[in-house]
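Here's the structure, in structure tokens; my notes come after.
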Amino acid sequence: MNYNELYNKYRKLLEENQALRIEIKDLRKLLQLEIPELCMNDEDTMLIEGNHDTAIQKNECAKINNNSSPEDKIKLFMSLFKGREDVYAKRWQNKEGKSGYSPVCINEWIKGICYKPKIKCSECKNRIYGSFLKKA
């Protein structure tokens, strides 16, 4: 493959990437999810529009870096690995070595409220999941 073929393929990939970013942004708006502006910058836009010399040399992906505040880093992490905020998991391991993760229940092992192991957590009427946001 020569340079022009590679460059044209690269441009097509960038155009597809930009279209996907716009689609993701629209879907996040539709779902009312907060979205940090991460990797679409002026250099990417210039490359797609045809000015590739500056764009290829610079590739600043995110506004978040080592000097960013912990809150910004956490916000970035949570946006990339979005999951449930109303519950978090705790790792467990039994005597035989079997292990896994289970939702944290605030009422777990409290006498008179938790009837474990007679009643499974999934069937318990007193379960109250621990919230990740309350934990932090």
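So the values come out like this:
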item	result
Cross-link table LYS9/LYS63; LYS25/LYS73; LYS25/LYS98, entries beyond 31 Å C-alpha to C-alpha	LYS25/LYS98
Rounded accessible area of VAL87 (nearest 10 Å², 1.4 Å probe)	20
Which listed pairs, of LYS75/LYS125; LYS29/LYS75; LYS90/LYS118, have C-alpha distances above 25 Å, in listed order	LYS75/LYS125
Estimated distance in nm for a label pair at LEU6 and ASN65, the labels positioned 7 Å out from Cα along Cα-to-Cβ	2.8
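The values are calculated or read from the model by the stated rules, or taken from the named source; none is laboratory data. What you are looking at is a predicted structure, and each value in this text was computed from that prediction instead of being measured. In this analysis, Cβ positions are derived from the backbone assuming ideal geometry, glycine residues included, and neighbour counts consider all displayed protein chains. Accessible surface areas use protein heavy atoms only, side chains included; no ligands, DNA or RNA. Shrake-Rupley method; radii C 1.70, N 1.55, O 1.52, S 1.80 Å.
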